[in-house]
Amino acid sequence: PSPLIHRVVNIGDTPFHNIFVEILPSSGASNVETPPANVAGYTLALENDRLRVLRLVLAPGESTVMRTHALRALSVAVSKGKII
């Protein structure tokens with residue numbers, strides 16, 4: 001699959017919450033993307049040998065930097081926001 005290159009912008013009046021679940025390749029793969037370290041808004045909620053779960057919280061008007069997700073993933077927007 002093609003990588004997803006994007007940034008997230010909170011266009012609402014309340015905090016934006018998003019859960020991002022990345023499916024990691026089988027063990028032995030050399031091309032595993034690292035989680036966003038020290039990137040505003042992101043926290044690592046769970047990581048094991050098969051999944052990585054990232055949590056994103058943005059205040060109203062706040063946005064992330066451009067980020068690339070090269071892994072297969074599921075993103076669940078819990079509140080209103082805009083992904084560009």
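Derivation of every value follows stated rules applied to the coordinates shown; laboratory data play no part. Since we're looking at a predicted model, the values are computed, not measured. Cβ sites come from the backbone with ideal geometry, for glycine too, and all protein chains shown count toward neighbours.
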Potential extension, A45-V57 segment - 0.36 nm per residue separation minus Cα distance: 3.1 nm
L24's amide H: which non-local residues (gap 5+, or another chain) put their own amide H closer than 5 Å, with H modeled 1.01 Å from N in plane and none for Pro or chain starts? L51, R52
What residues qualify as long-range amide H neighbours of G12, i.e. H under 5 Å apart, gap of 5 or more or another chain, H built at 1.01 Å from N? G61
Could you check the simple spin-label distance between V65 and R7, using points 7 Å along Cα→Cβ, in nm with one decimal? 1.0
